[in-house]
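Only one structure is covered here, and it is reproduced in the block below.
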Amino acid sequence: MTTPKLTAAQGNMLVLLRVLIGWHFLYEGVIKAYNPSWTSKGYLLSASALKPFFTWLANESMISTIDFLNIAGLIAVGVSLLLGIKVRWGAIAGILLLALYYLAHPPFSSLPQGPAEGSYWIVNKNLIEIAALLVIYQFPLTTVFGIERMFLKQKANIQIN
């Protein structure tokens, strides 16, 4: 079975999706990093699912590390996706972060709803972004656009010479 090639338009649209998600992650990380009063403690303590786990993450001995890891993870995923560096690793890390956000406040009718921009049932923006990152993970988008593309071209030129 052969793998179908992406058309230029398909590749460009997938890269656009990657860049937009990357921007979202980078923005969220930077805005948190520049806000000295930001902490994930309230979000973690208000978790409606897996409450013991998220309460444990929010305890005083761990919260500064969790906040740092959250900010660093958001920025790293954002840079990866936005610039096209280790995109598959960035997609995996993004999926893991979003899964934690989703599991803390899943939009299930049997659970109290946490902080959200609207009313959701099962599907929310975190789940949609997880699905988009799964799509991005499946395609070699750095061959279309990204910093890794420059390194791939240089490597190909070296092997030809």
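The values are calculated or read from the model by the stated rules, or taken from the named source; none is laboratory data. Here the structure is a predicted model, which is why all the values come from computation and not from measurement. Methodologically, a virtual Cβ is constructed for each residue, glycine included, from the backbone with ideal geometry; neighbour enumeration extends over all protein chains shown.
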Identity of the residue in the stretch 62-120, among the polar types (S, T, N, Q) and under 18 Å from Trp23 (Cα atoms), that ends up modelled with the lowest pLDDT
Ser80
Qualifying residue in the stretch 14-22 (condition: of a type in the set (A, V, I, L, M, F, W, C) and out of contact with any helix residue (DSSP H, G or I) (no Cβ under 8 Å at 6 or more places or on another chain)):
yes
Enumeration of residues in the stretch 13-33 that are modelled with pLDDT of 95 or more, under 18 Å from Ile85 (Cα atoms) and in contact with a Leu (Cβ under 8 Å, 6 or more places away or on another chain):
Ile21, Gly22, Trp23, Phe25, Leu26, Gly29
What helices (runs of 4 or more DSSP H) lie completely within the stretch 9-113 and have 3 or more residues being on the phi < 0 side of the Ramachandran plot and touching a strand residue (DSSP E or B) at 6+ places or on another chain (Cβ under 7 Å)?
none
Give the residues of the stretch 40-69 that are closer than 21 Å to Ala93 by Cβ and either touching an Asp or Glu at 6+ places or on another chain (Cβ under 9 Å) or without any contact (Cβ under 8 Å) to a residue 12 or more places away in the chain (or both), sorted by residue number.
Ser40, Phe53, Met62, Ser64, Thr65, Phe68, Leu69
Select from the stretch 70-98 the residues that are of a type in the set (A, V, I, L, M, F, W, C), more than 8 Å from the chain's Cα centre (by Cα) and more than 18 Å from Asn35 (Cβ to Cβ) and list them in ascending order.
Ala76, Val79, Leu81, Leu82, Leu83, Ile85, Val87, Trp89
